[in-house]
Structure formats: structure tokens, C-alpha cells
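Worksheet: the structure to be examined is printed underneath.
The values are calculated or read from the model by the stated rules, or taken from the named source; none is laboratory data. Remember, predicted model here, so these are calculated numbers, not experimental data. As a convention, Cβ positions derive from the backbone with ideal geometry for all residues, glycine included, and neighbour counts pool all protein chains shown. Accessible surface is based on the protein model in full, side chains and every heavy atom, while ligands, DNA and RNA are left aside. Shrake-Rupley method; radii C 1.70, N 1.55, O 1.52, S 1.80 Å.
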Amino acid sequence: MLFAAALSLVACLAHSACAEDSVFEVPRLDGIRIDGQTDDWAAQGFRVEIMKDESGRYLPAGDFDAGFRLGWDDNGLLVLARSRDDMFVESPSEAELWRLDGIEMFMATRKGGPDMVQPCVTPGMDPQYPALRWYIHDYRQDPDLTKEPATIEAASARTSDGYVIEACLPWKNLGLAPKVGDEIAFQIYINDADGPEKKIAVKWFPLGETHANTKHMHRVILSTNASAPVVAAASAEYEKMERMKIAVLGADELAGRDVAAQSAGATLATGVFKAAEGRSEADFTLPMPPRGEHHDRLELVSGGRVIATVELPDPKEIASKALIWMDCKLFPFSFVGERFPGADFEKRSDAEKLIGAYENSVQFVDADGHSVTSAVKAGRYGAILTVRPVAGRPLVRFLTAYRFPDSMRDFKPWKYDPHLSVTFPGELELDPAVVERHSNDMNRMVVEVLMETLRDNHRGSILLAGLHDAQSRADSQLSQETTGFIERQWWVDFKRKHYGMAEKYPEPFVAPTPIAGKPAPALRDGTCLEAGVAKDAADRIDALLTSWAADTDEAFSVCLAKRGVVFFHKAYGTRDGKPMTVNTPSWMASITKLMSGTLMMMLVDQGKVGLDDPIADYLPPFRGVETRAPITVRHLYTHATGLDGHWGDYMNDLEERVAYYAPYLPVGEQFVYNGAGFAVGGKIIETVSGECIPLFYKHHLLGPLGMTNTEVSGTSGDASSTPLDMAKLGQMLLNRGAYGDMRFMSEETFAAMLPEKLTKTLGPTATKMYGIGTDVMGTDTLGEGTFGHGAASAATFLVSPSRDLVVVMCRDSAGKNFSKYHPDFLRTVAEVTRE
């Protein structure tokens with residue numbers, strides 16, 4: 001399954017309007033009135049009918065249909081955007097109009113220029129917000145420009161199937177005096193939401209999340225003519241590295257027309273556009289080029305002109321990424337006798353499609369990490385599999401093996417009775433009496449599955465090795481941990497020796513350290529008066545949250561603390577049929593990133609790690625690997641490595657896998673929100689400290705802070721916690737790195753953790769702000785400098801230094817009516833905590 005998914009990777013999604021160096025001419029239009037009426041546009045302007053969604057796909061019109069036109073006059077850049085929409089949901093927050101229905105426009109003085117504005121406009125179709133609204137995020141660097149606030153002229157109108165927004169982006173925002181031939185940079189997002197968790201965005205942009213960096217925006221030339229309209233887009237994939245599949249999606253006007261796929265002027269395939277759900281489409285299947293060769297660019301030609309292009313990466317790049325997910329295995333993982341098993345990719349034929357012919361070798365080590373050639377004793381062994389392609393770099397995988405005791409030679413599974421009592425899910429509608437009568441059948445099945453898993457599945461050898469370690473070292477603290485933690489710690493210890501890092505970092509990591517002098521505030525219960533908030537603060541917040549709880553299907557719990565005093569701590573609703581309590585853990589999702597960022601900053605504080613050091617200083621597999629730019633620790637924690645997705649924490653050989661793919665990473669080129677970078681950062685923490693991530697949390701953060709209801713073993717999304725526990729973390733950060741008589745990091749180090757413009761990782765023109773696991777949040781209600789992190793669970797974690805305030809709400813999902821009540825919750829908190 002993993003292999004199939006890996007080899008279905010989309011090689012590239014591009015069209016004639018999205019190549020990085022494409023230039024588009026926008027015509028001068030006179031007589032355009034910004035009134036929401038479109039008649040004066042007639043057939044004028046540069047037209048775009050096909051736009052990408054957030055994952056780079058092109059959607060059928062039935063999923064979401066949007067487009068726009070561009071023009072210009074003496075006053076500004078003219079934009080006419082249309083959106084098909086049957087449900088109107090607009091953001092209640094003026095500063096976050098981009099979150100739901102509406103459009104976002106990004107306009108800069110030039111591609112790569114330092115000055116940019118981001119006007120966000122909502123159409124006013126939501127009955128709760130019936131007037132058009134706009135808000136401009138100002139990223140201008142020139143102090144002369146910022147003397148005057150940026151502005152926009154905009155209007156909207158309802159259409160038969162949605163709405164249009166018409167806008168003029170004044171030249172004066174950027175200090176421009178336009179004339180024919182001038183060049184600016186521009187891109188646009190059109191957002192459609194059917195609820196707070198159901199948003200689709202289509203975008204006209206060269207690269208993902210490029211609003212953070214003007215050097216990746218579209219180049220737009222002010223002209224008297226318009227470039228050809230963007231009416232088609234093409235995508236391509238290497239299917240199992242056996243063939244290329246090209247899909248072309250076009251506007252409905254292309255239906256019935258011929259289309260050809262060409263490379264370097266040569267026609268590779270031809271087809272005809274067919275009508276499809278309000279659009280048109282054509283598909284091609286092409287053979288793979290010979291190994292070592294590839295088509296850089298395919299052009300889709302119809303009616304004598306290029307209507308779309310596909311920029312194809314080297315198949316070696318796609319293969320390198322696919323190899324991250326390819327399973328390797330031992331044959332078997334758990335075995336009897338002294339002879340070690342063989343090792344290879346789970347499916348050798350699939351691996352050969354990626355890397356061609358190869359040889360492999362396996363080195364085994366015993367439980368103490370010593371190289372061995374035979375399994376003399378029962379217990380844990382480590383396998384280091386090295387794969388050497390005939391052409392290309394070698395790659396390494398780590399696997400856990402287990403030697404059964406000799407007594408297992410005589411084991412007869414048909415005589416083993418696990419004496420299980422199984423209760424099946426009620427959804428199976430099985431009578432318990434019938435199940436009981438057939439308990440022997442279930443026991444036989446359990447034995448078969450159990451033995452097969454223990455012998456042939458990596459999870460089986462990991463479980464047995466962990467149990468064996470816990471038994472043989474019963475007096476150790478580690479033996480009390482889960483077998484998963486034992487496994488991770490064993491590989492941390494082994495890799496430190498294997499890579500020679502144990503000698504570089506021989507001392508155990510010590511943190512937090514005692515504070516000499518006056519302790520920092522530690523949370524305590526108290527009254528509204530003691531907290532310095534409005535005397536009716538608790539009553540007002542409780543009234544709002546009680547109304548929310550009665551109007552939603554999601555339970556939640558809240559903790560509010562000001563000046564170190566917890567003045568509100570309460571739970572609402574029911575979860576799994578039981579009343580929600582303040583001690584019921586909830587999923588913190590990506591707030592985990594802030595937690596693991598805190599771990600890294602503790603190492604930075606002691607000089608163990610430098611944020612701007614190359615990761616190769618700490619992870620030897622990256623040494624000697626040529627990358628587009630050096631990957632630093634800061635890149636990992638600011639989403640600037642080019643990695644995507646949330647994965648890697650539980651891969652003991654993660655650094656080997658990522659290092660193999662690293663030459664293809666677009667390091668520092670764009671902000672791509674992910675968790676994989678944090679996972680690589682976790683391997684640095686493990687290498688330097690000698691502690692696996694879950695134990696590092698326990699010893700240096702959760703335990704010292706008394707976060708007894710918190711569980712976390714990863715770096716980006718798996719934490720579960722309670723409001724008071726999270727408020728303790730928030731208070732430590734509010735105290736700038738201290739809590740009670742403990743200091744976790746210096747004030748200077750804490751300051752380096754806060755959000756800032758990502759110029760150090762994305763270049764001098766970057767406008768995106770992010771910290772080391774921290775993000776700018778809540779500033780419109782709780783004041784400048786408020787920070788925290790968002791969460792897929794809709795949990796809230798905010799720290800407001802200006803108000804000396806910590807705000808925590810724990811929940812597992814947004815639930816019904818989140819967007820209705822959450823803004824009111826923050827506004828109420830702001831009102832009752834105002835100094």
C-alpha cells in the first residue's frame with residue numbers, strides 16, 4: 001500500500017499560467033467603475049478560468065468554480081473575481097477575513113520586491129455579515145510608504161450561482177506611477193467555505209504558500225494588450241515508474257477540440273477534449289523515457305497555440321521521495337537459532353523500478369550495540385541494512401530483530417490456549433452467547449495472527465524486544481516505560497555510538513535549572529480580584545460558554561490565568577457519554593509543534609545546538625550530501641526545508657531517509673507547513689541529549705511543570721492534554737522561560753523563540769512570520785505580541801505578554817458553531833482582562 005501510494009506521487013502540477021518565470025500582460029482598461037456590475041468589463045481584461053486548489057490540484061467545476069480578470073488604469077490594478085457559491089460563510093474576525101469566503105490579493109512592487117500589500121475582501125453575502133468588508137495586511141518595508149495606511153476600493157454583487165467582487169488596488173499603496181511596460185508582482189486566492197472546517201481555496205500562484213515571499217509571485221506587465229487567457233491546465237504523474245499519465249483540464253469552451261502533448265517540438269500523443277462537469281478534459285498515457293533521461297517540459301497544444309505546460313522533474317527525484325516510504329523487512333523479523341535472517345525491500349521488484357539493479361548487505365548488532373555475526377543469545381538485535389544501487393548513492397535502513405529462546409523450537413501453536421474473553425463491537429450485531437460458544441474458534445484465530453505478527457511483522461519484533469529488555473533490566477527506570485519508548489531509546493543509544501556522537505555529547509542534559517533569587521510566578525487558584533480582572537469576569541465568561549455548550553456537539557474545557565492567578569477553570573458538555581471534566585485530556589494537535597519547539601530552545605539555551613547551524617553538524621547522514629542550500633536547524637522549525645506532510649517521529653532511521661532525498665529539497669524557497677521538519681529536529685534533540693523524545697518531554701518539561709495529565713511522544717501533532725497543564729506551559733513562556741524556582745531557558749533564548757519575519761530562512765523579502773514552534777495569533781483581540789499556535793482540533797493556546805494573560809481551551813474538534821462563538825469568547829476574555 002505504501003509503495004502504491006508512493007509511486008502514484010504527482011510529479012508536477014503546472015500550466016501555462018504557473019511557471020515560475022512566466023510573464024503575463026494585463027491591458028489598460030478605461031471606463032471601469034468599481035460598483036459590482038460587470039457589464040463595463042465586457043470581454044476585456046486578462047482572463048484566468050482555471051486555478052489550483054491548496055494541494056496543487058485542479059478541481060472539477062462541480063467541486064468549486066472560480067476565476068478572475070485583470071486590467072489597469074491610472075488609479076490602480078483592476079480585479080474582477082467570480083466565485084460559484086451556494087452557502088455563504090464569512091469570517092467574524094476583521095483581521096482574519098481570509099479564513100472563510102472571500103478573496104485574497106497579493107500585490108508587490110515587483111517580483112522579489114520588498115514592499116507588498118495583501119487586501120482581503122469578503123462579499124457580504126453571509127446574513128450575519130451583510131456588508132462587503134476588507135482588511136489589508138501591510139507588508140511594506142519602505143517607511144515612506146507606511147506613513148499612509150494602505151487602502152482599496154471594492155464592491156460586490158450577488159450572481160445566479162454565487163457572487164462577484166470588483167476591486168481597484170491603488171498604485172499609491174506601493175508608491176507607483178504606472179505606465180505601459182511597467183512590471184509588478186501579483187497573485188490571488190479565492191476562498192469558499194461551507195463551515196469553519198470546510199474551506200476550499202483556489203489560487204493563481206507559481207508555488208505553494210508564496211504569499212510569504214514576493215520572489216515567487218507572478219510577474220505582471222502593464223500593457224495595452226492581454227496575454228492569452230488561461231483556459232486549461234495539465235497535471236502529470238509517473239505511475240509506478242512504468243508510464244507517464246497526463247491529464248488536461250480545460251474550460252468548457254475547449255470541448256471537442258484537438259489537443260496534442262509535445263516535447264521539444266515532437267508530438268508524443270494526441271487526443272480530443274471531452275465535456276466533463278462544466279469543464280472539458282483530455283488524458284494521455286505515455287511510456288517512460290529510458291532510465292537516466294526525462295522530459296523537462298511537456299506542452300499541450302490546441303488550436304495552434306500552447307494552452308498548458310507541465311514541468312516534469314527528474315524521475316530520480318520522484319524515486320528518491322518514494323523510497324522514503326518503501327518498507328524493508330527481515331525474513332523473518334523474529335527467528336529461532338543463531339543464524340541471522342536476510343533483509344531486503346519488502347518487494348524487491350518494486351524497488352528495482354525505482355533505483356534499478358542493486359545489491360544489499362546487513363550488519364547485525366547485539367543488545368549492547370556490538371557488531372556480531374551470529375545470534376548467540378535470545379533477545380534484541382539491531383539490523384543495519386545497506387542498499388547499494390548499481391548507479392546512485394547507497395541508502396540505509398534500521399530494523400529490529402528478535403531471537404526467540406531455544407524453547408520456541410518445540411512450540412506447538414495448536415496446543416497454546418490464550419484463554420481470551422473477547423467482546424465484539426456492538427455494530428457487528430453478534431449475540432454474546434453465540435460468541436461464547438465459539439470461543440475456541442476465536443482463540444485459534446488469535447494464536448495464528450499473534451504468531452504470524454511476532455514472526456513476520458516489524459511490530460512483533462519490536463514488541464518482543466521491548467518486553468525482553470524490560471524483563472532483563474527490571475530495575476531500570478526505562479523498564480517501566482512502554483515498549484515503544486524502550487524501542488526508541490535503544491535506537492537513540494545505538495545511533496549515538498554508531499555515528500560517533502556519544503563522544504561529542506557525553507554529558508547528560510540537565511534542565512530546568514534552579515533559579516537563584518526571586519522565583520517566577522507559578523499558577524495558583526485565585527479570585528478575579530487577585531487576578532486583576534473585572535469582578536464579573538468569571539460570570540460573563542461562564543454565561544457565554546454555557547450558551548456555546550448548549551449550541552454545539554463538541555465538549556471543551558477552559559483555563560484562564562492572569563498575573564499567574566487562575567481565575568477561570570471549567571469544563572462543558574459531554575464526551576463519549578460522560579461529563580467533560582477539566583482533567584479529561586483533549587487532542588492538542590499542532591500545538592505539539594510549540595511544545596517540541598520549546599524542547600529545542602532548551603538545547604539552544606545551553607549552547608548545545610545553534611539555530612543557524614547546518615543540521616549535518618548534528619545528524620551525520622547529512623554530511624557530504626549536496627543540497628540546493630544548506631539545511632539549518634532554523635529551516636526545520638520554520639517550515640522552510642521543502643518537506644511536506646506530518647510524519648517521521650517513529651522512524652528510527654528518519655535521518656537516513658530524509659538525507660537520501662535531501663538533494664531535491666527546495667530549501668529556503670517557500671513556506672510549506674509540515675511536521676516532518678519538526679521530526680528531523682527531534683532526531684537532533686535525541687542525538688544531543690541522549691534521550692528519546694517522549695522521555696525528554698517527561699524529564700525536562702512535563703515532569704518539572706507538573707503536567708501530569710499530558711501525554712506526548714511526537715514533535716508535531718500527537719499531544720493530548722488538559723487546560724491547566726497547558727496553562728502551566730503558557731505561564732512558563734509568559735515568564736520568559738521560567739516557572740516557580742525553575743528556569744527552562746534564558747529570557748534572551750525565549751525572545752529568539754518568538755515569531756519574526758522569516759528573512760533568515762526565506763530571504764530578505766519574506767513577509768511570513770513564524771517562530772520556533774510559535775505563531776502570531778490573537779493580536780486583534782489580546783494585543784500586539786500575543787503568540788501561540790493553531791490546532792486541527794480547534795484547541796486554543798494563547799499567551800498575551802501585554803495583558804500578562806494565558807488563554808487555553810481544550811477540545812477534540814471545532815464542532816458545530818465554532819466560528820459563531822469562538823470570536824465572542826476571545827472578545828469577552830479581552831474585555832474582562834483589560835487593564
Checklist line | the range 524-535: number of residues that are of a type in the set (A, V, I, L, M), open to solvent by 30 Å² or more (accessible area, probe 1.4 Å) and part of a loop (DSSP other than H, G, I, E, B) | finding: 1
Checklist line | Enumeration of residues in the range 700-724 that are crowded, with 24+ Cβ neighbours inside 10 Å and either touching a Gly at 6+ places or on another chain (Cβ under 8 Å) or of a type in the set (Phe, Trp, Tyr) (or both) | finding: Thr715, Ser716
Checklist line | Meets criteria (open to solvent by less than 60 Å² (accessible area, probe 1.4 Å), among the acidic types (Asp, Glu) and out of contact with any Lys or Arg (no Cβ under 7 Å at 6 or more places or on another chain)) for Asp126 | finding: yes
Checklist line | the range 419-447 residues that are assigned to a helix (DSSP H, G or I), paired with ones that are open to solvent by 90 Å² or more (accessible area, probe 1.4 Å) and among the small types (Gly, Ala, Ser) (beta carbon under 8 Å, 6 or more apart) | finding: Ser439/Ser421
Checklist line | Matching residues, the range 606-618, being more than 21 Å from Val510 (Cα to Cα) and not in a helix (DSSP H, G or I) | finding: Asp612, Asp613, Pro614
Notebook entry, point to check: So which of Leu80, Leu97, Leu59 ends up being buried (at least 18 other Cβ atoms within 10 Å of the Cβ) and at pLDDT 95 or above?
Noted result: Leu80
Item checked: Filtered residue count, the range 688-699, keeping only those that are in a helix (DSSP H, G or I) and open to solvent by 20 Å² or more (accessible area, probe 1.4 Å) -> 2
Note to self: As an exercise: evaluate Gln141 against (1) within 32 Å of the chain's Cα centre (by Cα); (2) surrounded by fewer than 17 Cβ atoms within 10 Å (Cβ to Cβ); (3) closer than 26 Å to Arg84 by Cα and give the number of the one condition it does not meet.
What the structure shows: (3)
Margin query: Suppose we filter Arg388, Arg409, Arg393, Arg403 for residues that are open to solvent by 70 Å² or more (accessible area, probe 1.4 Å), at pLDDT 90 or above, more than 30 Å from Glu352 (Cβ to Cβ) and among the basic types (Lys, Arg); which single one remains?
Written below: Arg409
Margin query: Step by step: first the residues of the range 536-567, then only those that are of a type in the set (A, V, I, L, M, F, W, C) and part of a strand (DSSP E or B), then the one that is farthest from Gly740 (Cα to Cα). Which residue is that?
Written below: Phe556
Next item on the list: Name, by its number, the condition in (1) out of contact with any strand residue (DSSP E or B) (no Cβ under 9 Å at 6 or more places or on another chain); (2) assigned to a loop (DSSP other than H, G, I, E, B); (3) modelled with pLDDT of 95 or more; (4) not hydroxyl-bearing (Ser, Thr, Tyr) that does not hold for Pro630.
Entry: (1)
Item checked: Whichever residue in the range 757-782 is part of a strand (DSSP E or B) and touching a strand residue (DSSP E or B) at 6+ places or on another chain (Cβ under 6 Å) and, among such residues, is least open to solvent (accessible area, probe 1.4 Å) -> Ala766
Next item on the list: Examine the range 490-506 for a residue that is open to solvent by less than 20 Å² (accessible area, probe 1.4 Å) and in contact with a Leu (Cβ under 8 Å, 6 or more places away or on another chain), and state whether such a residue exists.
Entry: no
Notebook entry, point to check: Can you tell me which residues in the range 607-620 are open to solvent by 20 Å² or more (accessible area, probe 1.4 Å), within 12 Å of Lys683 (Cα to Cα) and under 24 Å from the mean Cα position of the chain (by Cα)?
Noted result: Ala616
Next item on the list: Could you list all residues from the range 788-806 that are part of a strand (DSSP E or B) and either touching an Asp or Glu at 6+ places or on another chain (Cβ under 6 Å) or crowded, with 24+ Cβ neighbours inside 10 Å (or both)?
Entry: Gly788, Thr796, Phe797, Val799, Ser800, Leu805, Val806
Notebook entry, point to check: Under 7 Å by Cβ, and 6 or more places apart or on different chains, what pairs join a residue from the range 557-585 that is farther than 30 Å from Ser802 by Cβ with one that is polar (S, T, N, Q) and surrounded by fewer than 16 Cβ atoms within 10 Å (Cβ to Cβ)?
Noted result: Met580/Thr574
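Each row is one residue, and each column tells you yes or no for (1) in a loop (DSSP other than H, G, I, E, B); (2) among the hydroxyl-bearing types (Ser, Thr, Tyr).
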| position | (1), (2) |
| --- | --- |
| Val117 | no, no |
| Tyr129 | yes, yes |
| Ala150 | yes, no |
| Ser156 | no, yes |
| Leu176 | yes, no |
| Lys179 | yes, no |
Next item on the list: Could you list, in sequence order, all residues of the range 643-663 that are in contact with a Ser or Thr (Cβ under 7 Å, 6 or more places away or on another chain) and part of a loop (DSSP other than H, G, I, E, B)?
Entry: His646, Asp649
Notebook entry, point to check: Taking into account only those residues within the range 511-523 that are assigned to a loop (DSSP other than H, G, I, E, B) and open to solvent by 90 Å² or more (accessible area, probe 1.4 Å), which is nearest to Phe744 (Cα to Cα)?
Noted result: Ala516
Check: Considering Lys377, Lys353, which residue is among the charged types (D, E, K, R) and either open to solvent by 70 Å² or more (accessible area, probe 1.4 Å) or closer than 23 Å to Arg459 by Cα (or both)?
Finding: Lys377
Next item on the list: Just give me the residues in the range 184-196 being part of a loop (DSSP other than H, G, I, E, B) and out of contact with any helix residue (DSSP H, G or I) (no Cβ under 8 Å at 6 or more places or on another chain), in sequence order.
Entry: Asp194
Notebook entry, point to check: For Phe340, are the conditions met, namely being crowded, with 21+ Cβ neighbours inside 10 Å, touching a residue at least 40 places away in the same chain (Cβ under 8 Å) and touching a strand residue (DSSP E or B) at 6+ places or on another chain (Cβ under 6 Å)?
Noted result: no
Margin query: Condition (residue is within 30 Å of Phe335 (Cβ to Cβ) and free of Cβ contacts under 8 Å to residues at least 12 places away in the same chain) applied to the range 484-506: is it met by at least one residue?
Written below: no
Next item on the list: Answer yes or no as to whether Arg110 is closer than 25 Å to Met769 by Cα and open to solvent by 50 Å² or more (accessible area, probe 1.4 Å).
Entry: yes
Margin query: Where the second residue is among the basic types (Lys, Arg) and surrounded by 11 or more Cβ atoms within 10 Å (Cβ to Cβ) and the first is in contact (Cβ under 8 Å) with a residue 40 or more places away in the chain and outside any loop (DSSP other than H, G, I, E, B) and lies in the range 397-418, which pairs have Cβ atoms under 9 Å and are six or more apart or on separate chains?
Written below: Arg397/Arg657; Phe398/Lys495; Leu399/Lys329; Thr400/Arg380; Ala401/Arg380; Tyr402/Arg380; Arg403/Lys377; Arg403/Arg380
Note to self: Can you say whether Asp542 is touching a strand residue (DSSP E or B) at 6+ places or on another chain (Cβ under 8 Å), within 19 Å of Leu826 (Cβ to Cβ), open to solvent by 20 Å² or more (accessible area, probe 1.4 Å) and at pLDDT 95 or above, as far as the supplied structure shows?
What the structure shows: yes
Next item on the list: Look at the range 807-835 and say how many of its residues are part of a strand (DSSP E or B) and among the aliphatic types (A, V, I, L, M).
Entry: 3
